[in-house]
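What follows draws every value from the coordinates through simple rules; no lab data is involved. Fair warning: this is a prediction, and the values are worked out from it, not measured in the lab. Cβ: placed from backbone, ideal geometry, glycine included. Neighbour counts: every protein chain shown.
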Ligand SMILES: [Zn+2]
């Protein structure tokens with residue numbers, strides 16, 4: 001038996017450790033020291049101050065939800081990040097453009113600074129961010145050219161660079177009206193000037209899926225990638241559009257961003273069956289999706305597994321891949337020395353009826369369950385997932 005490294009505070013023992021970045025998948029222990037990963041391997045528990053029994057669990061890097069809306073109380077659709085993170089095993093929540101360059105200070109001071117979890121954000125290219133999205137009410141922040149100042153967006157990114165991961169734009173008839181490609185060009189210009197990627201939403205045309213992809217650069221993220229028609233990722237016969245494959249070859253990243261209107265089983269099953277799984281799974285959690293149909297990242301991961309994505313791939317799509325998209329080298333893996341962000345999951349094999357954004361139902365056989373997480377080595381206990389106990 002190998003002794004735990006000197007001064008080990010905590011060992012998470014006996015789980016199946018899946019660390020996609022390091023190509024690691026084995027029954028093993030994870031040793032934590034000073035809030036950082038000390039070692040991953042067999043038999044590290046001797047001498048540890050505290051041992052967590054993880055037998056029967058999956059032990060994975062702290063989940064990263066790349067598309068959330070957490071500017072709660074300042075925006076009608078923002079959710080408090082902490083209860084959602086606790087129930088879903090998420091450690092890092094990335095806000096996807098709820099705040100623009102005109103009100104980013106508030107997101108930072110009133111939400112991000114107060115969360116017990118890690119938070120990062122995209123800055124919206126539009127001054128107020130997504131300021132008018134509610135039940136039965138919507139006004140597109142990217143439909144008014146005067147609201148989108150590249151200079152001011154660049155200044156906000158530079159001021160908040162330690163928490164900013166990129167620039168967000170929402171393209172689609174309801175969000176950018178007739179000026180979608182102008183909004184996209186502004187977002188890309190701000191991203192070019194700050195050396196960051198963009199994340200773009202795709203809605204109903206204009207613009208079309210192909211028009212958006214043609215402008216995206218390596219590392220840029222297209223969210224809502226498996227939305228239903230119109231602007232679905234597949235043609236009427238279920239074949240993936242050539243524009244998607246061409247964009248992926250260039251390094252464009254495809255993200256789920258489930259939300260209330262942007263994930264259809266028909267699109268997802270056809271794309272996966274045609275060899276085009278997403279790069280990243282995210283929830284697009286907000287007040288209109290947190291009680292269904294998206295619920296949260298973990299539920300969305302379960303859906304993708306039931307659509308044909310392998311369990312190990314679903315974990316990579318919610319750890320290593322989104323972490324890379326944020327540009328944060330210490331997130332999304334369990335290499336020695338990085339902060340000990342760890343999620344404990346369980347595999348639940350039983351029948352469950354899933355629902356997509358169009359109300360289509362799908363009989364599934366598998367759910368992930370959250371059993372807690374560690375943020376820099378500090379435990380966060382899980383909240384119950386009542387919405388998954390029936391069905
Ligand atoms: Zn969103």
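Could you tell me whether the chain comes out rounded, prolate or oblate from its Cα gyration tensor? Rule is a ≥ b ≥ c as square roots of the eigenvalues, rounded for a/c under 1.5, then prolate if a/b exceeds b/c, otherwise oblate. In terms of gyration-tensor shape, prolate. Subtracting the Cα-Cα distance of residue 193 and residue 363 from their residue separation scaled by 0.36 nm leaves 56.5 nm. Here is how the number arises for the chain: DSSP H runs of 4 or more residues each give -39500 (n - 2.57), the sum is divided by the residue count, and the result at 222 nm is -6000 deg cm²/dmol.
Applying 1/(1 + (r/R0)^6) with R0 = 35 Å to the Cβ-Cβ distance of residue 144 and residue 250 gives a FRET efficiency near 0.70. Extension gain, residue 239 to residue 24: 0.36 nm times the residue separation minus the Cα-Cα distance gives 74.1 nm. Between residue 137 and residue 353, the simple spin-label model (points 7 angstrom out along Cα→Cβ) gives 3.4 nm. Could you state the angle between the C-alpha long axis of helix 297-306 and the longest principal axis of the C-alpha atoms of the chain, as a value from 0 to 90 degrees rounded to the nearest 10? The angle comes out near 90 degrees. What does the C-alpha gyration tensor say about the overall shape of region 198-329? Classify as rounded when a/c is under 1.5, otherwise prolate if a/b is larger than b/c, or oblate. Rounded shape, in that the Cα axes give a/c under 1.5. Taking label positions 7 Å along the Cα-Cβ direction at both residue 266 and residue 174, the computed distance is 1.7 nm, reported to one decimal. What is the angle, in °, between the Cα long axis of helix 150-159 and the longest principal axis of the Cα atoms in the chain? Nearest 10 is fine, range 0 to 90. Compared with the principal axis, the helix lies near 20 degrees.
Fully extending the segment from residue 387 to residue 330 would add 17.3 nm, taking 0.36 nm per residue of separation and subtracting the current Cα-Cα distance.
What is region 108-208 by shape, rounded, prolate or oblate, if you read a ≥ b ≥ c off the alpha carbon gyration tensor as root eigenvalues and call it rounded for a/c under 1.5, prolate for a/b larger than b/c, and oblate otherwise?
oblate
If R0 is taken as 30 Å, the Cβ-Cβ distance between residue 229 and residue 105 corresponds to a FRET efficiency of 0.15. Spin-label model, residue 346/residue 152: points 7 Å from Cα along the beta carbon direction are separated by 5.0 nm. The protection proxy used here, the mean number of other Cβ atoms lying within 10 Å of each residue, ranks peptides 365-374, 217-226, 15-24, 57-66 as follows, highest first: 57-66, 217-226, 365-374, 15-24.
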